[in-house]
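Engineer: Structure in C-alpha cells, see below.
The values are calculated or read from the model by the stated rules, or taken from the named source; none is laboratory data. Not measured: the values here are computed from a predicted model. Glycine gets a Cβ as well: all are built from the backbone with ideal geometry, and neighbour counts include every protein chain shown.
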Amino acid sequence: MSAVPIDAPRPTRGVSWLRWSAVAVPSALMICAMSSTPAARADNRRLNDGVVANVYTLQHQAGCTNNLRIDPQLRLAAQRHTDDVLSDRSLDGDIGSDGSTPQDRAKAAGFIGRVAETVAINPALAISGVELINQWFYNPDYLAIMRDCANTAIGVWSENSLDRTVVVAVYGQPRM
C-alpha cells in the first residue's frame with residue numbers, strides 16, 4: 001500500500017465543505033440583511049398623477065371648466081382605504097373593514113364637504129393607467145363620479161402586493 005501525501009486531494013462524497021461554505025455563508029448574510037431591511041414600497045406617483053390628469057380630461061370632455069386640484073386630506077382618505085383593501089381581501093368596494101364609508105374617511109382626514117370614491121382592485125402586481133381608466137370608464141356609476149363638475153378636489157392613492165394592486169380615488173366638493 002502506498003502512502004498518500006497529506007496535501008493530496010482526497011476523494012469526497014457530495015459537496016466539499018469549502019465549496020458549501022462559499023455558498024452558504026454569503027447566502028445567510030444576505031438573508032439576515034434582507035430581514036433587517038424594511039420592505040421597499042413602490043413609487044406610484046406617476047400612476048396616481050396620471051389618474052388625476054385623466055379625470056381632469058374626462059371632466060373637460062364633459063363640459064367642465066373648473067380646475068381639479070389634488071387635496072392632501074382626500075389623498076390621506078384614499079391612502080387609508082387603499083391600505084385597508086390591500087390587507088383585507090374580503091373588501092371589494094367603498095366600505096372599509098371598520099364599516100367606514102368614503103365620507104367617514106374623508107371627514108376623519110379633515111376634509112369638509114361631500115365626497116365620492118372609485119376603487120380598482122387588480123389581481124396582479126401592477127396596473128397601467130390605461131387599464132385603470134378603462135375599468136372605471138365602463139362602470140356607469142364611476143364614470144358619473146369622474147365627470148361630475150362639482151368634484152373640484154381629488155386624492156388618489158395606490159399600493160401593490162405581489163398578487164394585488166389597489167387604487168382608490170376620492171373626489172371632493174369642498175364646502176366653502
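Engineer: Would the range 51-63 turn up any residue that is out of contact with any Leu (no Cβ under 8 Å at 6 or more places or on another chain) and part of a loop (DSSP other than H, G, I, E, B)?
Structural biologist: The answer is yes; a qualifying residue exists.
Engineer: Out of the range 25-50, which residues are modelled with pLDDT under 55 and in a helix (DSSP H, G or I)?
Structural biologist: Matches in the range 25-50: VAL25, SER27, ALA28, LEU29, MET30, ILE31, CYS32, ALA33, MET34, SER35, SER36.
Engineer: Among the residues in the range 129-152, are any polar (S, T, N, Q), in contact (Cβ under 8 Å) with a residue 40 or more places away in the chain and more than 14 Å from TYR56 (Cβ to Cβ)?
Structural biologist: Going through the range 129-152, the residues polar (S, T, N, Q) turn out to be 134-135, 139, 151-152.
Those left that are additionally in contact (Cβ under 8 Å) with a residue 40 or more places away in the chain: 151-152.
Applying the additional criterion that residues be more than 14 Å from TYR56 (Cβ to Cβ) yields none.
Checked the range 129-152: no residue is polar (S, T, N, Q), in contact (Cβ under 8 Å) with a residue 40 or more places away in the chain and more than 14 Å from TYR56 (Cβ to Cβ).
Engineer: As an exercise: evaluate ALA126 against (1) part of a loop (DSSP other than H, G, I, E, B); (2) in contact with an Asp or Glu (Cβ under 6 Å, 6 or more places away or on another chain); (3) of a type in the set (Gly, Ala, Ser); (4) within 18 Å of ASP49 (Cα to Cα) and give the number of the one condition it does not meet.
Structural biologist: Every listed condition holds for ALA126 apart from (2).
Engineer: Looking at the range 70-85, is at least one residue free of Cβ contacts under 8 Å to residues at least 12 places away in the same chain, surrounded by 13 or more Cβ atoms within 10 Å (Cβ to Cβ) and not in a helix (DSSP H, G or I)? Please lay out each step first, then the result.
Structural biologist: The first filter runs over the range 70-85 and keeps only residues free of Cβ contacts under 8 Å to residues at least 12 places away in the same chain, leaving none.
No, the conditions are met nowhere in the range 70-85.
Engineer: For the range 82-97, name all the residues that are at pLDDT below 90 and among the hydroxyl-bearing types (Ser, Thr, Tyr).
Structural biologist: Scanning the range 82-97 gives SER90, SER97.
Engineer: Here's another thing I want to ask about it. Give the residue, chosen from ILE112, ILE127, that is hydrophobic (A, V, I, L, M, F, W, C) and touching a Lys or Arg at 6+ places or on another chain (Cβ under 6 Å). Steps first, answer last, please.
Structural biologist: On the way: ILE127 fails: touching a Lys or Arg at 6+ places or on another chain (Cβ under 6 Å).
So the residue among ILE112, ILE127 that is hydrophobic (A, V, I, L, M, F, W, C) and touching a Lys or Arg at 6+ places or on another chain (Cβ under 6 Å) is ILE112.
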